[in-house]
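The structure appears right after this line, and notes come after that.
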Amino acid sequence: MKDAMKMLTKARFEVQAVLFDLDGTLADTAPDLGGAVNRMRERRGMAALPLELLRPVASSGARGMLGVGFEVTPETPGYDLLRDEFLAEYASALDRDSRLFDGITECLAALRTQGLRWGIVTNKAERFTTPVVAGLGLAAHAAVVIAGDTTAYAKPHPAPLLEACRRLGVAPHQTVYVGDDLRDMQAARAAGMPCIAAAYGYLGGTPDLEAWEPDAVIATPGALPPLLRTV
C-alpha cells in the first residue's frame, strides 16, 4: 500500500477548480455526530461509546452512527424513528465540537494563491450543511456548496458533482474532487472528474485505498496544492 501511495501522489492535475467532501475531508465532524448518538444511548441507560469507535463511520451520517451505536440497519424495524431522533439530536448541537482538520486552512489559502476556486459537495442535507459550513468559517470562501438534497440524487451518483461544475462554469475534467470515502471516488469517476483520496479522513472503516482506484492519494491536506496546476 505504501508503494501505491507513493506512485499515486506523483500525479499532477491541470484544473480550474477543486471540490471537497465535507465530513472527514475538510472537517472532523465526528465529535458532534458521535455526541448525538451517545446522548441517545445515555437516555436508554446505555454507556457512551468512545469516539474512536464512531469516527470511522462518520461519513455515513445517521446510517453509520446508528449502525455502530445501536447495531441497526435501514431495514431494521423502527429504524426510521431512530433516524429521526438522531437527526433532531444532531441538529440541536451540530457545530459544538466540529473542527477543520489540521492543515485545511493553509491548504485552502494555497489554492486561492494559485488562483483556484474551491467548493464543497457533501451528502449531508442542506439543513445541516449550511450551519456547519458557516460554523467552520467556510461559507464566505466556498465558491459553491452542494448538499445531499440539492439535486435529485446523492453520491455516488455524479449529479451533485456535475451541478457544482455547472454552477462554477467549469468542465468536470478540469475539476478535481477530494474525498475520504469510496462513494466519493465512484461519484467523481461517473462525472468524468479526477479524484483524490484523503488518507487522513474517516475512510468508511474500510481503508483499502488502492481498491478505490483514486487518481492520487494525499496523507495530509498540505499535500494537495503541489499536485495542482491552474489552467
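A few notes on this one:
- Among all positions in the stretch 190-200, there is no residue which is under 10 Å from LEU19 (Cβ atoms) and surrounded by fewer than 18 Cβ atoms within 10 Å (Cβ to Cβ).
- Matching residues, the stretch 175-189, being assigned to a helix (DSSP H, G or I) and closer than 11 Å to LEU19 by Cα: ASP184, ALA188
- Among residues of the stretch 143-166 being in a loop (DSSP other than H, G, I, E, B), small (Gly, Ala, Ser) and surrounded by fewer than 19 Cβ atoms within 10 Å (Cβ to Cβ), the one that is nearest to the chain's Cα centre (by Cα) is ALA143.
- Selection within the stretch 85-102 - touching a residue at least 24 places away in the same chain (Cβ under 8 Å) and either part of a helix (DSSP H, G or I) or under 14 Å from PHE20 (Cα atoms) (or both): GLU85, PHE86, LEU87, GLU89, TYR90, ALA91, LEU100, PHE101
- Checking each residue in the stretch 41-63 for being touching a helix residue (DSSP H, G or I) at 6+ places or on another chain (Cβ under 8 Å), surrounded by 12 or more Cβ atoms within 10 Å (Cβ to Cβ) and either in a loop (DSSP other than H, G, I, E, B) or touching a residue at least 40 places away in the same chain (Cβ under 8 Å) (or both) picks out ALA48, LEU49, ARG55, PRO56, VAL57, ALA58, SER59, SER60, GLY61.
- Number of residues in the stretch 72-85 that are within 23 Å of the chain's Cα centre (by Cα) and surrounded by fewer than 17 Cβ atoms within 10 Å (Cβ to Cβ): the value is 4.
Rule-based calculations on the coordinates, nothing more; no lab input. Values in this document were obtained by computation on a predicted structure and should not be read as measured data. Here Cβ is always computed from backbone atoms with ideal geometry, including for glycine, and neighbour counts include all displayed protein chains.
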